[in-house]
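Quick note: the coordinates plus some simple rules give every number you see, no bench work behind them. All values derive from a computational prediction rather than experimental measurement. Virtual Cβ from ideal backbone geometry, glycine too; neighbours counted across all protein chains shown.
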Amino acid sequence: MLEHPLGELTLKGFCYDMSETRISDFLEKNPECVACEHLPQCTGGCMVESMTEEGDFLVPDKRTCYFHKHIGADAVRKVADEAIKKYCVS
Ligand code: SF4
C-alpha cells in the first residue's frame, strides 16, 4: 500500500481476482475436493492462506483441509462446550 494506490491493489491485483472467483472455478481445478465429503463445510479453505502458502488461491488450503479431515468441527464444539460448562456456567 505504500507503493501502489489502493484502487490498483484491489482492482488490478489478485485481491480482485479472488473476489471474482466462484466455487466452480475452484472445483474445476480440484477434483479431489469435488469428491470430498467435507466440501460443504470446507469449500477448500481460505484463499488468502492458499495464496500465502502456495502462491495460488485456487489450490486447497492445507491447514483447513487437515482440520476437516483429521479434527473436525464436532471435536472443537465438544471442547468449547466443556470450557463453557467449566468456566462460564455457575
Ligand atoms: S477437506 Fe481437503 S479435500 Fe476436502 S474439500 Fe476441504 S480442501 Fe478439499
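For C15 and K62, a Förster radius of 22 Å and the Cβ-Cβ distance give a FRET efficiency of 0.55, rounded to the nearest 0.05.
Across the stretch 2-7, rounded Karplus estimates of 3J(HN,Hα) from the backbone phi angles (6.51 cos²θ - 1.76 cosθ + 1.60, θ = phi - 60°) give 6, 10, 10, x, 4, x Hz, Gly and Pro being marked x. Only Lys, Arg, Asp and Glu carry charge here, each on its Cβ (+1 for the first two, -1 for the last two); on that basis the chain has a dipole of about 560 debye about its Cα centre. Using θ = phi - 60° in the Karplus curve 6.51 cos²θ - 1.76 cosθ + 1.60, the 3J(HN,Hα) couplings for the stretch 63-79 round to 5, 5, 4, 4, 4, 5, 7, 10, 10, x, 5, 4, 5, 5, 4, 4, 5 Hz; x is entered for Gly and Pro. Potential lengthening of the chain between K29 and L6 amounts to 5.3 nm, from the contour at 0.36 nm per residue minus the alpha-carbon distance. Charge tally for E54 (other residues, Cβ to Cβ under 10 Å; Lys, Arg +1; Asp, Glu -1): -3.
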